[in-house]
Amino acid sequence: PFGRRASPPPGSATMAERLTGVILAGGVSRRMGQDKVFLPWGNSTLLEHVIDTLRPITDELIVAVNDLRPFRHLEGVHVVADLLPGAHALGGLYTGLRAASNDRCFVCGCDAPFLNPALIRFLAGQADGYDAVIPETHKGLQPLHAIYQKSALHAMEDQLRRRQWALVDLVGRLRANVVGATVLHQRDPAGFSCLNVNTPEEYVKACELWKRDV
């Protein structure tokens, strides 16, 4: 699986301007008790909502999954199967970056209903000279709401060979630009952008927040 990497396509935009969105949708959702990607959200599903949020600010969208079959209905996205099944979120992150046409990628989970496009654009603009741009909230580093560049692939490959799955450990191996909570608050005052839903209770609370603000 550690073979040739995709090359960026020619185009008028510079690499710093082009952005791939990578959505990780290969988790087993143990705490939720059902597959999160197909949970209802508005008039669609949670995954489709994340796709629709990212579509206007990305040049391509990639969804990394375990099994391609349940995702054949998705349009306008590139659905890719995990290159290393069982390698947790790190494997999905690696798969998405390998498949990306652009050097710069925004990576998130499929369970992030409150993504803030303005914040994502800001993070992407902070990536020059770094392998990754990682937000840090009061809950800690947020490696699944972050910008990664293809220069991070080497460290990912080394960590995958060692079967060390923790994304926080990966951040320590990268040239990472950590964006602190004060700066995040300026771009995302509500503080919901990094929120994800892992349990039925969190899903219900997120739905209530969504209905309140729509």
Looking only at aspartates and glutamates whose Cα falls under 15 Å of LYS139's and that sit 8 or more positions away or on another chain, we get none
The relative contact order of region 70-147, taking Cα pairs under 8 Å that sit 6 or more residues apart, comes to a percentage of 24 percent
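Normalised radius of gyration for region 174-214, please: alpha carbon Rg relative to 2.2 N^0.38 Å, two decimal places.
Details: Rg = 13.5 Å, N = 41, 2.2 N^0.38 = 9.0 Å.
Region 174-214 yields a ratio of 1.49.
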Cα extents of region 113-198 along the principal axes, largest first, in whole Å, come to 39, 32, 19
Under the Karplus relation with 6.51, -1.76 and 1.60 and θ = phi - 60°, whole-Hz ³J(HN,Hα) for region 162-174, x at Gly and Pro, equal 7, 6, 10, 8, 5, 5, 4, 5, 4, 4, x, 9, 9
Excluding ligands, DNA and RNA, the carbon-plus-sulfur percentage of the accessible area of the chain with a 1.4 Å probe reads 50 percent
Contour minus Cα-Cα span, SER101 to ARG175, at 0.36 nm per residue, comes to 24.5 nm
Residue-normalised 222 nm signal for the chain, counting each DSSP H run of n ≥ 4 as -39,500 (n - 2.57), nearest 500 deg cm²/dmol, is -9000 deg cm²/dmol
Applying the gyration tensor rule to the Cα atoms of the chain (axes a ≥ b ≥ c; rounded if a/c under 1.5, else prolate if a/b exceeds b/c, else oblate), the class is rounded
Relative contact order of the chain (C-alpha contacts under 8 Å, at least 6 apart) in percent is 23 percent
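Considering only the other residues whose Cβ falls under 10 Å of the Cβ of PHE114, what net charge follows from Lys and Arg at +1 and Asp and Glu at -1? Don't skip to the end; give the middle numbers.
On the way: positive: none; negative: ASP188, ASP213.
In short, -2.
With every protein chain left in place, what is the accessible area per residue of the chain in square angstrom, probe 1.4 Å? Don't skip to the end; give the middle numbers.
Working: 10590 Å² over 214 residues.
Accessible surface, normalised per residue, equals 50 Å².
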Amide H proximity to VAL63 below 5 Å, modelled H, separation 5+ or other chain, gives ILE23, HIS78, VAL79, VAL80
Per the Kirkwood formula over distinct C-alpha pairs, the hydrodynamic radius of region 54-105 in angstrom is 11.5 Å
In order over region 204-212: 3J(HN,Hα) from phi, Karplus 6.51/-1.76/1.60, θ = phi - 60°, whole Hz, x for each Gly or Pro, gives 4, 5, 5, 4, 5, 4, 4, 5, 5
Going residue by residue through region 84-97, the Karplus relation 6.51 cos²θ - 1.76 cosθ + 1.60 with θ = phi - 60° gives ³J(HN,Hα) values, rounded to whole Hz and with x marking Gly or Pro, of 10, x, x, 8, 6, 5, 4, x, x, 4, 4, 4, x, 5
per DSSP, antiparallel bridges as share of beta bridges in the chain, % nearest 5, sits at 40 percent
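Rounded to the nearest 0.05, what FRET efficiency do HIS185 and ARG69 give with R0 = 35 Å and r taken as the Cβ-Cβ distance? Could you check? Working shown, then result.
Details: r = 41 Å, r/R0 = 1.18.
Approximately 0.25, to the nearest 0.05.
The values are calculated or read from the model by the stated rules, or taken from the named source; none is laboratory data. Since this is a predicted model, take the numbers as computed values, not measurements. Neighbour counts are summed over all protein chains in view; Cβ atoms, including those assigned to glycine, are modelled from backbone coordinates with ideal geometry. What goes into the accessible areas is simple: the full protein's heavy atoms, side chains included, and nothing from ligands, DNA or RNA. Shrake-Rupley method; radii C 1.70, N 1.55, O 1.52, S 1.80 Å.
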